[in-house]
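Below you will find the structure I want to go over with you.
The values are calculated or read from the model by the stated rules, or taken from the named source; none is laboratory data. Computed from a predicted structure; not experimentally measured. Note that we place each Cβ from the backbone using ideal geometry, even for glycine, and neighbour counts take in every protein chain shown.
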Amino acid sequence: MTYTSRQMDDKWYTQAGEEAQKGLQDWTKEALRENLVDVTFTKADGTTRIMKCTLNESFGAQIPVNNTSTTERKVNPDICSVWDTEKQAWRSFRWDRLQKVEIIQE
């Protein structure tokens, strides 16, 4: 089955098992790598945000060629980093605050 969107209630992620969480993360990352996606999530201040984002260079994602920083960032598995096409900058959201993922352009 191919999904074009997935919507969750506010407690789905925290109540879902590890396998379901990984499935959602894998599906979302694949959608971001191939498409322009609307991601709806709750921000830290409690407001809801809809972000147009991608990981696909053909939609404008600025993938760094090399990292000249002397310190490496620790990967946080609770966070997904994406290219915000409206702000033209890298942004992130927490998996446990995700409400909806919708492919808006393939």
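What number of residues in segment 23-32 are surrounded by 13 or more Cβ atoms within 10 Å (Cβ to Cβ) and charged (D, E, K, R)? So that I can check it myself, show each step before the final result.
Filtering segment 23-32 for residues surrounded by 13 or more Cβ atoms within 10 Å (Cβ to Cβ) gives 23-25, 27-29, 31-32.
Imposing the further condition that a residue be charged (D, E, K, R) reduces the set to 29.
The qualifying residues number 1.
Just give me the residues in segment 31-57 being under 10 Å from the mean Cα position of the chain (by Cα) and farther than 14 Å from Trp83 by Cα, in sequence order.
Scanning segment 31-57 gives Thr40, Phe41.
Do we find a residue being in contact with a Lys or Arg (Cβ under 9 Å, 6 or more places away or on another chain) and under 19 Å from Thr14 (Cβ atoms) anywhere in segment 80-96?
Yes, some residue in segment 80-96 is in contact with a Lys or Arg (Cβ under 9 Å, 6 or more places away or on another chain) and under 19 Å from Thr14 (Cβ atoms).
Just one of (1) among the hydrophobic types (A, V, I, L, M, F, W, C); (2) part of a strand (DSSP E or B); (3) at pLDDT below 95 trips up Trp83, so point out which.
(3)
Still on this model: May I ask you to list the residues in segment 14-26 that are outside any loop (DSSP other than H, G, I, E, B) and at pLDDT 90 or above? Before you say what the answer is, go through the steps one by one.
If we filter segment 14-26 for residues that are outside any loop (DSSP other than H, G, I, E, B), which is where we start, we get 14-15, 18-26.
Those that are outside any loop (DSSP other than H, G, I, E, B) and at pLDDT 90 or above: Gln15, Glu18, Glu19, Ala20, Gln21, Lys22, Gly23, Leu24, Gln25, Asp26.
For segment 34-56, what are the residues that are charged (D, E, K, R) and exposed (fewer than 13 other Cβ atoms within 10 Å of the Cβ)? Step through it out loud before you land on a result.
Of segment 34-56, the ones charged (D, E, K, R) are 34, 38, 43, 45, 49, 52.
Of everything in segment 34-56, those that are charged (D, E, K, R) and exposed (fewer than 13 other Cβ atoms within 10 Å of the Cβ) turn out to be Lys43, Asp45.
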